[in-house]
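For reference, the structure discussed in these notes is given below.
The values are calculated or read from the model by the stated rules, or taken from the named source; none is laboratory data. Note that the structure is predicted; figures quoted are calculated from it, not measured. All Cβ positions, even for glycine, are placed from backbone atoms using ideal geometry, and neighbour counts span all protein chains on display. These accessible areas exclude ligands, DNA and RNA; they are computed on the full protein's heavy atoms, side chains included. Shrake-Rupley method; radii C 1.70, N 1.55, O 1.52, S 1.80 Å.
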Amino acid sequence: MAATGNIPQHVAIIMDGNGRWAQERGLLRVQGHQQGVETIREIIQAARELKIRFLTLYAFSKENWARPRPEVDFLMKLLSQYLDSELQELEKGGVKFNVIGRIDQLPKEIQEKIKRNIKQSEHNRDLVLTLALNYSSRIEITDAARCLCESVKAGRLEVSEIDESHLAKALYTRDMPDPDLLIRTSGELRISNFLLWQISYSEIYVSEKYWPDFKREDFLKAIQEYQKRERRFGRTEAIQADHD
Ligand code: FPP
(Lines give C-alpha, C1' and ligand atoms only; values in the text may rest on other atoms or scores of the structure.)
Protein backbone atom coordinates (compact mmCIF):
# COMPACT_ATOMS: atom_id res chain seq x y z
CA MET A 1 0.00 0.00 0.00
CA ALA A 2 1.50 3.31 -1.11
CA ALA A 3 0.38 5.67 1.65
CA THR A 4 2.62 5.43 4.73
CA GLY A 5 3.37 7.75 7.65
CA ASN A 6 1.08 10.47 8.98
CA ILE A 7 -2.05 8.39 8.54
CA PRO A 8 -5.19 10.30 9.54
CA GLN A 9 -6.68 8.93 12.72
CA HIS A 10 -10.26 9.69 11.73
CA VAL A 11 -11.65 9.86 8.18
CA ALA A 12 -15.25 10.93 7.58
CA ILE A 13 -16.94 10.48 4.19
CA ILE A 14 -19.96 12.04 2.50
CA MET A 15 -20.85 9.27 0.06
CA ASP A 16 -22.55 11.11 -2.80
CA GLY A 17 -23.52 10.34 -6.38
CA ASN A 18 -25.23 6.93 -6.21
CA GLY A 19 -28.30 8.23 -8.05
CA ARG A 20 -26.34 9.89 -10.85
CA TRP A 21 -24.11 6.85 -11.22
CA ALA A 22 -27.21 4.72 -11.84
CA GLN A 23 -29.00 7.22 -14.07
CA GLU A 24 -25.96 7.59 -16.34
CA ARG A 25 -26.11 3.84 -16.92
CA GLY A 26 -29.84 3.73 -17.54
CA LEU A 27 -30.33 1.94 -14.20
CA LEU A 28 -32.69 2.68 -11.33
CA ARG A 29 -31.39 5.04 -8.63
CA VAL A 30 -31.66 2.27 -6.08
CA GLN A 31 -29.20 0.18 -8.07
CA GLY A 32 -26.73 2.98 -7.45
CA HIS A 33 -27.26 2.58 -3.71
CA GLN A 34 -26.77 -1.17 -4.06
CA GLN A 35 -23.46 -0.60 -5.84
CA GLY A 36 -22.60 1.98 -3.15
CA VAL A 37 -22.61 -0.80 -0.56
CA GLU A 38 -19.84 -2.56 -2.52
CA THR A 39 -17.77 0.62 -2.26
CA ILE A 40 -18.39 0.75 1.49
CA ARG A 41 -16.91 -2.77 1.77
CA GLU A 42 -13.86 -1.84 -0.29
CA ILE A 43 -13.18 1.37 1.65
CA ILE A 44 -13.54 -0.32 5.07
CA GLN A 45 -10.98 -2.90 3.95
CA ALA A 46 -8.58 -0.18 2.76
CA ALA A 47 -9.05 1.78 6.00
CA ARG A 48 -8.21 -1.34 8.02
CA GLU A 49 -5.06 -1.97 6.01
CA LEU A 50 -3.95 1.63 6.48
CA LYS A 51 -4.61 1.32 10.23
CA ILE A 52 -7.01 4.24 10.26
CA ARG A 53 -8.70 4.14 13.68
CA PHE A 54 -12.06 5.81 12.95
CA LEU A 55 -14.11 5.76 9.76
CA THR A 56 -17.41 7.65 9.76
CA LEU A 57 -19.81 7.28 6.83
CA TYR A 58 -22.82 9.50 6.11
CA ALA A 59 -25.32 6.79 5.19
CA PHE A 60 -28.71 8.45 5.73
CA SER A 61 -29.43 12.05 6.62
CA LYS A 62 -32.51 13.37 8.35
CA GLU A 63 -33.24 15.21 5.09
CA ASN A 64 -33.18 11.91 3.14
CA TRP A 65 -36.66 11.03 4.48
CA ALA A 66 -38.00 13.56 1.94
CA ARG A 67 -36.99 11.29 -0.96
CA PRO A 68 -39.68 9.31 -2.81
CA ARG A 69 -41.11 6.64 -0.52
CA PRO A 70 -39.92 3.65 -2.62
CA GLU A 71 -36.33 4.97 -2.47
CA VAL A 72 -36.48 5.47 1.31
CA ASP A 73 -37.96 1.98 1.73
CA PHE A 74 -35.20 0.53 -0.43
CA LEU A 75 -32.48 2.30 1.56
CA MET A 76 -33.95 0.93 4.81
CA LYS A 77 -34.08 -2.57 3.32
CA LEU A 78 -30.49 -2.27 2.15
CA LEU A 79 -29.42 -1.06 5.59
CA SER A 80 -31.25 -3.91 7.27
CA GLN A 81 -29.54 -6.45 4.99
CA TYR A 82 -26.18 -4.76 5.50
CA LEU A 83 -26.50 -4.99 9.28
CA ASP A 84 -27.04 -8.76 8.92
CA SER A 85 -24.57 -9.55 6.18
CA GLU A 86 -21.57 -7.58 7.48
CA LEU A 87 -21.67 -8.49 11.14
CA GLN A 88 -19.42 -11.55 10.84
CA GLU A 89 -17.07 -9.82 8.45
CA LEU A 90 -16.69 -6.80 10.74
CA GLU A 91 -16.25 -9.05 13.75
CA LYS A 92 -13.44 -11.01 12.09
CA GLY A 93 -11.77 -7.82 10.92
CA GLY A 94 -11.55 -6.24 14.36
CA VAL A 95 -14.12 -3.57 13.49
CA LYS A 96 -16.19 -2.00 16.23
CA PHE A 97 -19.59 -0.98 14.95
CA ASN A 98 -21.06 2.37 16.00
CA VAL A 99 -23.84 4.74 14.92
CA ILE A 100 -24.64 8.44 15.29
CA GLY A 101 -28.00 10.12 14.67
CA ARG A 102 -31.57 9.87 15.97
CA ILE A 103 -31.61 6.09 15.97
CA ASP A 104 -34.87 5.95 17.96
CA GLN A 105 -36.74 7.22 14.86
CA LEU A 106 -35.57 4.35 12.63
CA PRO A 107 -37.74 1.26 12.07
CA LYS A 108 -37.76 -0.95 15.21
CA GLU A 109 -36.25 -3.93 13.39
CA ILE A 110 -33.27 -1.80 12.35
CA GLN A 111 -32.85 -0.44 15.87
CA GLU A 112 -32.65 -4.01 17.18
CA LYS A 113 -30.04 -5.01 14.60
CA ILE A 114 -27.99 -1.90 15.40
CA LYS A 115 -28.03 -2.74 19.11
CA ARG A 116 -27.03 -6.33 18.36
CA ASN A 117 -24.13 -5.29 16.11
CA ILE A 118 -22.85 -2.73 18.62
CA LYS A 119 -22.96 -5.34 21.39
CA GLN A 120 -21.31 -8.10 19.38
CA SER A 121 -18.47 -5.94 18.15
CA GLU A 122 -17.83 -3.88 21.28
CA HIS A 123 -14.58 -5.70 22.11
CA ASN A 124 -13.02 -4.91 18.69
CA ARG A 125 -10.23 -2.37 18.71
CA ASP A 126 -8.72 -2.02 15.22
CA LEU A 127 -11.24 0.30 13.54
CA VAL A 128 -14.36 2.07 14.78
CA LEU A 129 -16.87 2.14 11.92
CA THR A 130 -19.56 4.74 12.54
CA LEU A 131 -22.63 4.99 10.32
CA ALA A 132 -24.44 8.33 10.48
CA LEU A 133 -28.12 7.33 10.26
CA ASN A 134 -31.07 9.71 10.41
CA TYR A 135 -28.32 12.19 11.14
CA SER A 136 -28.44 15.99 11.21
CA SER A 137 -25.57 17.98 12.64
CA ARG A 138 -27.84 20.88 13.59
CA ILE A 139 -30.07 18.50 15.54
CA GLU A 140 -27.00 16.97 17.17
CA ILE A 141 -25.86 20.43 18.32
CA THR A 142 -29.40 21.31 19.43
CA ASP A 143 -29.58 18.06 21.43
CA ALA A 144 -26.23 18.92 23.03
CA ALA A 145 -27.47 22.40 23.99
CA ARG A 146 -30.57 20.84 25.52
CA CYS A 147 -28.45 18.36 27.46
CA LEU A 148 -26.29 21.17 28.91
CA CYS A 149 -29.42 23.13 29.88
CA GLU A 150 -30.71 20.06 31.74
CA SER A 151 -27.41 19.83 33.62
CA VAL A 152 -27.66 23.50 34.59
CA LYS A 153 -31.29 23.04 35.65
CA ALA A 154 -30.34 20.06 37.81
CA GLY A 155 -27.56 22.08 39.45
CA ARG A 156 -24.75 19.89 38.07
CA LEU A 157 -23.24 22.70 35.99
CA GLU A 158 -22.88 26.49 36.21
CA VAL A 159 -23.65 28.50 33.05
CA SER A 160 -20.35 30.35 33.49
CA GLU A 161 -18.45 27.02 33.50
CA ILE A 162 -19.66 25.96 30.04
CA ASP A 163 -16.86 25.83 27.51
CA GLU A 164 -16.15 24.04 24.19
CA SER A 165 -15.25 20.80 25.92
CA HIS A 166 -18.68 20.57 27.61
CA LEU A 167 -20.41 20.93 24.27
CA ALA A 168 -18.06 18.44 22.58
CA LYS A 169 -18.81 15.93 25.35
CA ALA A 170 -22.55 16.34 24.80
CA LEU A 171 -22.32 15.48 21.08
CA TYR A 172 -23.01 11.98 19.66
CA THR A 173 -19.29 11.85 18.80
CA ARG A 174 -18.11 12.33 22.39
CA ASP A 175 -16.00 9.14 22.28
CA MET A 176 -14.07 9.89 19.11
CA PRO A 177 -11.51 12.41 17.96
CA ASP A 178 -12.56 15.03 15.39
CA PRO A 179 -12.08 13.93 11.76
CA ASP A 180 -8.64 14.74 10.37
CA LEU A 181 -9.90 14.28 6.84
CA LEU A 182 -13.34 14.78 5.32
CA ILE A 183 -13.89 13.22 1.88
CA ARG A 184 -16.85 14.03 -0.35
CA THR A 185 -17.49 12.22 -3.62
CA SER A 186 -19.24 13.35 -6.82
CA GLY A 187 -17.58 16.76 -6.97
CA GLU A 188 -20.15 18.66 -4.91
CA LEU A 189 -18.73 21.40 -2.69
CA ARG A 190 -21.14 21.13 0.23
CA ILE A 191 -21.08 19.92 3.82
CA SER A 192 -24.78 18.94 3.86
CA ASN A 193 -25.35 19.21 7.61
CA PHE A 194 -22.61 16.67 8.42
CA LEU A 195 -20.42 16.98 11.56
CA LEU A 196 -20.47 20.79 11.47
CA TRP A 197 -18.83 21.16 14.88
CA GLN A 198 -16.36 18.31 14.46
CA ILE A 199 -14.89 19.32 11.06
CA SER A 200 -13.77 22.79 12.20
CA TYR A 201 -10.13 21.92 11.42
CA SER A 202 -10.53 18.90 9.14
CA GLU A 203 -8.79 18.80 5.81
CA ILE A 204 -11.35 18.54 3.00
CA TYR A 205 -10.86 16.38 -0.08
CA VAL A 206 -13.40 16.33 -2.91
CA SER A 207 -13.33 13.54 -5.47
CA GLU A 208 -15.06 13.99 -8.83
CA LYS A 209 -15.99 10.29 -8.84
CA TYR A 210 -19.46 9.10 -7.93
CA TRP A 211 -19.46 6.98 -4.77
CA PRO A 212 -19.99 3.64 -6.60
CA ASP A 213 -16.90 4.44 -8.72
CA PHE A 214 -14.77 5.49 -5.74
CA LYS A 215 -12.23 2.70 -5.37
CA ARG A 216 -9.40 1.78 -3.08
CA GLU A 217 -6.91 3.72 -5.24
CA ASP A 218 -9.11 6.83 -5.00
CA PHE A 219 -9.17 6.49 -1.23
CA LEU A 220 -5.37 6.16 -1.22
CA LYS A 221 -5.12 9.28 -3.37
CA ALA A 222 -7.17 11.17 -0.79
CA ILE A 223 -4.90 9.96 2.01
CA GLN A 224 -1.79 10.90 0.05
CA GLU A 225 -3.24 14.35 -0.62
CA TYR A 226 -3.93 14.69 3.13
CA GLN A 227 -0.32 13.77 3.86
CA LYS A 228 0.87 16.70 1.74
CA ARG A 229 -1.26 19.23 3.60
CA GLU A 230 0.14 21.45 6.34
CA ARG A 231 -2.23 21.52 9.26
CA ARG A 232 -1.92 24.77 11.16
CA PHE A 233 -5.12 24.83 13.28
CA GLY A 234 -5.21 28.62 12.91
CA ARG A 235 -1.54 29.05 13.91
CA THR A 236 1.38 30.10 11.75
CA GLU A 237 3.34 26.85 11.94
CA ALA A 238 2.26 23.41 10.83
CA ILE A 239 1.58 20.91 13.59
CA GLN A 240 1.12 17.17 13.50
CA ALA A 241 -2.35 15.70 13.21
CA ASP A 242 -2.17 14.18 16.69
CA HIS A 243 -2.27 17.73 18.12
CA ASP A 244 -5.93 17.21 19.05
C1 FPP B 1 -26.09 9.76 -1.93
O2 FPP B 1 -26.36 9.38 -3.25
C3 FPP B 1 -25.98 8.65 -1.04
C4 FPP B 1 -26.85 8.37 0.00
C5 FPP B 1 -28.27 8.68 0.05
C6 FPP B 1 -26.29 7.74 1.19
C7 FPP B 1 -25.34 6.61 0.93
C8 FPP B 1 -26.00 5.30 0.90
C9 FPP B 1 -25.37 4.17 0.50
C10 FPP B 1 -23.97 4.13 0.08
C11 FPP B 1 -26.13 2.90 0.44
C12 FPP B 1 -26.79 2.46 1.70
C13 FPP B 1 -25.90 2.38 2.88
C14 FPP B 1 -25.85 1.35 3.76
C15 FPP B 1 -24.96 1.45 4.94
C16 FPP B 1 -26.63 0.12 3.57
P17 FPP B 1 -27.48 10.20 -3.96
O18 FPP B 1 -28.67 9.30 -4.12
O19 FPP B 1 -27.75 11.46 -3.23
O20 FPP B 1 -26.82 10.50 -5.34
P21 FPP B 1 -27.20 11.70 -6.32
O22 FPP B 1 -26.70 12.96 -5.68
O23 FPP B 1 -26.46 11.34 -7.57
O24 FPP B 1 -28.69 11.69 -6.50
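Just a few scattered comments:
- In the chain, a dipole from Cβ-located charges (positive for Lys and Arg, negative for Asp and Glu) runs towards its positive end, and of PRO70, ILE139, ALA222 it is PRO70 whose Cα lies farthest in that direction.
- Selection among THR236, LEU83, ILE162 by position relative to the dipole of the chain gives LEU83 as farthest towards the positive end (Cβ unit charges, Cα centre).
- Computed from backbone phi with θ = phi - 60° and the Karplus coefficients 6.51, -1.76 and 1.60, the 3J(HN,Hα) list for the stretch 188-204 is 7, 9, 9, 9, 6, 6, 10, 6, 4, 6, 6, 9, 3, 10, 6, 7, 10 Hz; x is used for glycine and proline.
- Net lengthening on full extension, ARG146/VAL72 (0.36 nm per residue, minus Cα-Cα): 23.7 nm
- Where trypsin sites (Lys or Arg not before Pro) in DSSP loops with at most 13 other Cβ within 10 Å are excluded, longest remaining stretch of the chain: 52-124
- For ILE100, distant residues with modelled amide H under 5 Å away: LEU131, ALA132, LEU133
- Its alpha carbons give the stretch 109-214 an Rg and a Dmax of 16.9, 52 Å.
- Given +1 at the Cβ of Lys and Arg, -1 at the Cβ of Asp and Glu and no other charges, the dipole of the stretch 100-244 around its Cα centre is 400 debye to the nearest 20.
- The charge dipole of the chain, taken about the Cα centre with unit charges on the Cβ atoms of Lys, Arg (+1) and Asp, Glu (-1), comes to about 360 debye, rounded to the nearest 20.
- For ARG231, distant residues with modelled amide H under 5 Å away: ILE239
- Loop-located GluC sites (Glu not before Pro) in the stretch 15-69, at most 13 other Cβ atoms within 10 Å (DSSP): GLU24
- Summarising the amide proton neighbourhood of ILE13: residues at separation of 5 or more, or on other chains, whose placed amide H is nearer than 5 Å comprise THR56, LEU57, TYR58, ILE183.
- Here the ratio of the Cα radius of gyration of the stretch 162-220 to 2.2 N^0.38 Å is 1.35.
- Heavy-atom accessible area with a 1.4 Å probe sorts ASP178, ASP126, ASP16, largest first, into ASP126, ASP178, ASP16.
- Counting all C-alpha pairs of the chain, share separated by more than 26 Å (%): 41
- Rough spin-label spacing in nm, given labels placed 7 Å along Cα→Cβ, for ALA238 and ILE204: 2.1
- Modelled label reach - GLU161, point 7 Å along Cα→Cβ, the stretch 128-149 residues with backbone N closer than 17 Å: 145-149
- Dipole of the stretch 16-57, positive end: most advanced residue of GLY19, THR56, GLN35 [Cβ charges, Cα centre]: THR56
- Volume per residue of the convex hull around the Cα atoms, evaluated for the stretch 58-163, comes out as 135 Å³.
- Taking every protein chain into account, the accessible area of the stretch 98-212 amounts to 53 square angstrom per residue (probe 1.4 Å).
- With all protein chains in place and a 1.4 Å probe, the accessible surface of the stretch 1-126 carries 50 percent carbon and sulfur.
- Residue-averaged [θ]222 nm for the chain, counting only DSSP H segments that reach four residues, each worth -39500 (n - 2.57): -13000 deg cm²/dmol
- Table column - 3J(HN,Hα) (Hz), the stretch 169-185, Karplus curve with 6.51, -1.76, 1.60, x for Gly and Pro: 6, 9, 7, 4, 8, 3, 9, 10, x, 5, x, 7, 9, 10, 10, 10, 9
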